[in-house]
Amino acid sequence: MLHGKVALVTGAGSGIGEASARTLAAQGAHVTLVSRTREELEQVASDLEAAGAQALVVPGDVSEEDDVRRMVSATVERFGGLDVVVANAGVNGTWAGIEDLGVEDFRSTVDINLTGTFLTVKHAVPHLAEGGGSVVVVASVNGTRVFSNSGATAYAASKAGQVALTKMLAVELGPRSIRLNVVCPGTIETEIDDNTRFVNSDVKIPVEFPQGEIPLTEGAPGSAQQVAELVAFLASDAAGHISGTEVWVDGAQSLLQG
């Protein structure tokens, strides 16, 4: 389905990014793996190459423009072009009530999650425009359907911004045959909690939900692979008439907890 396509995946060392990179490679794509941790990327690349795929490791921080330029140029130099971008890199950041949330904590979350997505797409576009392409942004149910996670202000704002960015650019770049879509996962088994800092986390508003947090699975979280399958579909030509669309991957969780 993606044979011979070139994909750049940010946050590819673990979780949804890793699962997406593995799924794209299994469908025939050459993959550039990006994250801030080289060791994780090298392990993923080793596995992909052992399975017969081509992989390039480029450590970098998506909130730093020079790093983003480097990851895109390295991809084009190695593989000769760029067809797919998965803008997945992100952090939960600091969760705190507005009076406890520092401006630097807010900026840090937005810089990585939203500015990082902007920079990734901005520097990929000149290469995608040569023959069209697909961008898949990984956002969240938070800030898009769920607003009951009090304290997640910075995270939710960054994720809402990703959806708006995707829709604006889907219109702007559509005439150049570039598609942009955004996936909004709910509770997924990943390592993102490792980069979460809670400050005075009792700011949550007490509410009572019906039994079971995720109706479709009786409370069990989804898997990174389930998100990756959607990412691969949106990246492929099978989704050739889909752009500017957000898709929630949450087992109906956000409809219950919005």
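Observations
- Rounded to 10°, Cα long-axis angle of helix 38-50 versus longest principal axis of the chain: 50 degrees
- Angle between the chain longest axis and helix 116-128 axis [Cα atoms, degrees, rounded to 10]: 20 degrees
- Least to most buried among Glu18, Glu189, Glu77 (fewest other Cβ within 10 Å first): Glu77, Glu189, Glu18
- Positive dipole terminus of segment 1-122, leading residue within Gly97, Leu24, Leu114 (C-beta point charges): Leu24
- Residues in segment 5-20 carry Karplus couplings, in order, of 6, 10, 10, 10, 10, 8, x, 8, x, 6, x, 5, x, 4, 4, 5 Hz; the curve used is 6.51 cos²θ - 1.76 cosθ + 1.60 with θ = phi - 60°, and Gly or Pro positions show x.
- Each of Ser14, Ser177 was scored by other Cβ atoms within 10 Å of its Cβ. Arranged with the fewest first, they read Ser177, Ser14.
- Hz values of 3J(HN,Hα) by residue in segment 129-139 - Karplus curve (6.51, -1.76, 1.60), Gly and Pro given as x: 5, 5, x, x, x, 10, 10, 10, 9, 9, 9
- Taking θ as phi - 60° and the Karplus parameters 6.51, -1.76 and 1.60, the scalar couplings of segment 241-257 work out to 10, 10, 7, x, 10, 9, 10, 8, 10, 8, x, 6, 4, 5, 6, 8, 10 Hz in sequence order, x denoting glycine and proline.
- Neighbour-count ranking [beta-carbon atoms within 10 angstrom, fewest first] of Leu230, Leu8, Leu82: Leu230, Leu82, Leu8
- FRET efficiency for Ala220 and Ser148, using Cβ-Cβ distance with R0 set to 25 Å, rounded to 0.05: 0.80
- 5 angstrom amide H check on Gly11, placed H, neighbours 5+ away: Val34, Ser35, Ala89
- Magnitude of the charge dipole, the chain, Cβ model with Lys/Arg +1 and Asp/Glu -1, debye to 20: 820 debye
- Label assignment, percent of Cα pairs over 22 Å apart derived from the structure, set [x] 52; [y] 57; [z] 63: [x]
- Under a 5 Å amide H cut-off, with hydrogens placed 1.01 Å from N, Leu180 pairs with Val135, Gly244 among residues at least 5 apart or on other chains.
Every number in this text was worked out from the coordinates using simple rules, so none of it is lab data. What you see is a predicted model, and the numbers here were worked out from it, not measured in a lab. No Cβ is skipped: glycine too gets one built from the backbone with ideal geometry, and neighbour counts run over all protein chains shown.
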